[in-house]
Amino acid sequence: MEDTDRNESEEHDYEQEIEKSTVSDETHQEKHNGSAKTTADPFYVRLLFTPLDFVSMAFLSITLVPIRMVAAFIALTLAWAVSCIGLTNIDQTVPVSGWRKPLQWISCFLGRICCRCCGFSVTITGTQVPKSVAPVLVVAPHSSFFDALAIFWTGLPFIVNREENKNLLFIGKCVQFAQAIFVSRERKESREECKEEIKRRVNSKQPWEQFLIFPEGTTSNRKALMSFKPGGFLPGKPVQPVLIRYHLKHDTVSWTWDQPHGFIACFMYTMFQLRNKVELEFLPPYEPSEPEQLDPVLFASNVRREMSDALGVPLCDMSFEDIKNKYSKKKEQ
């Protein structure tokens, strides 16, 4: 009885934290029993397909999806081969140039093909400004590994990626050739080195591509905007906010903390849709004030609020560490 009471108390505390950290209340997606919560939980995803949806997915799984998968595999293999060639004797401390630059463009084009093979139809709203105007692209909300499509539609800017992704089959070489900065979240030295490399490249007079960052540092269901990490704001340079809007019947793309389906199901459910509409909206560049240039946390906070207003979603102040801690406790119960 005491264990039950303690679990119920911890669950209640968890729900209170979500409620407190979210600026406004929204309705949850309805659960299978038909009830709904009044607290906006930005990590909750449930897919409720109708019988007709299952029929449609079954039909596409034997007609269109095999063609998509073969085409995507060919494109990914070619991108890997091109990247391997481009990485030969490369100096990653300077921007790609010479004969390697066309190979980067080919790799970017093949990345777009892979996205289209997943059924994505990308539309662009607004105008992407050049690096001379805004050297940093701030992309949000971050909800899925599919968000990587923003990289291909913004001209293959360099990004920050997890160290463990460096050796992923096929993808690892492509990310390396895109000159990503690799970081280990567990090592403080690695995080500090990453910050210094960001500042070095953004402030460099060398022809580095723009820097693209997903500043939330975790994924949600796009019902709220998470806290922004200050890494992309450290150089104190102008940034251009970029909004990702998915226009989907079912949220098959979200890959976050509270959902019963995992990576493979998320990927396959998305492939089984006839068309997945996504919009990239480029907002006007944000020029930091002098106080913002000196305080990257303030800079990040103000850009985050502007993006939240444009999206029409509340702010959620839980950090990655808060979220990881809360959901680790829930799994142990």
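Here are some notes:
- Computed from label points 7 Å out along Cα-Cβ, the spacing between GLU197 and PHE59 is 4.8 nm.
- Distance between the range 225-255 and the range 56-74 - C-alpha centres, whole angstrom: 30
- Each distinct pair of alpha carbons in the range 134-248 adds a 1/r term; the inverse of their mean, the Kirkwood radius, is 14.7 Å.
- Across the range 301-314, rounded Karplus estimates of 3J(HN,Hα) from the backbone phi angles (6.51 cos²θ - 1.76 cosθ + 1.60, θ = phi - 60°) give 5, 6, 5, 4, 5, 5, 5, 4, 5, 5, 7, x, 10, x Hz, Gly and Pro being marked x.
- Rg then Dmax, both in Å and based on the Cα atoms of the range 69-136: 14.7, 40.
- Length gained on full extension, TRP99 to ILE264: 55.7 nm, using 0.36 nm per residue less the C-alpha separation.
- For the chain, with +1 on Lys and Arg beta carbons and -1 on Asp and Glu, the positive-most of CYS114, VAL133, VAL297 along the dipole: CYS114
- On full extension, the segment bounded by LEU48 and SER184 gains 45.3 nm, given 0.36 nm per residue less the C-alpha separation.
- Average Cα contact separation per residue, the chain, under 8 Å, 6 or more apart, as relative contact order %: 24
- For the range 124-249, relative contact order (Cα pairs under 8 Å, six or more residues apart, normalised by length) works out to 43 percent.
- For the range 163-221, the relative contact order comes to 18 percent (Cα pairs under 8 Å, sequence separation of at least 6).
- Set the Cα radius of gyration of the chain against 2.2 N^0.38 Å, with N its number of residues, and you get 1.04.
- Carbon-plus-sulfur accessible fraction, the chain (probe radius 1.4 Å, protein heavy atoms only): 57%.
The values are calculated or read from the model by the stated rules, or taken from the named source; none is laboratory data. Being a predicted model, the structure only gives us computed values, none of them experimental. Here Cβ is always computed from backbone atoms with ideal geometry, including for glycine, and neighbour counts include all displayed protein chains. Areas reflect the complete protein model, heavy atoms only, side chains present, ligands, DNA and RNA absent. Shrake-Rupley method; radii C 1.70, N 1.55, O 1.52, S 1.80 Å.
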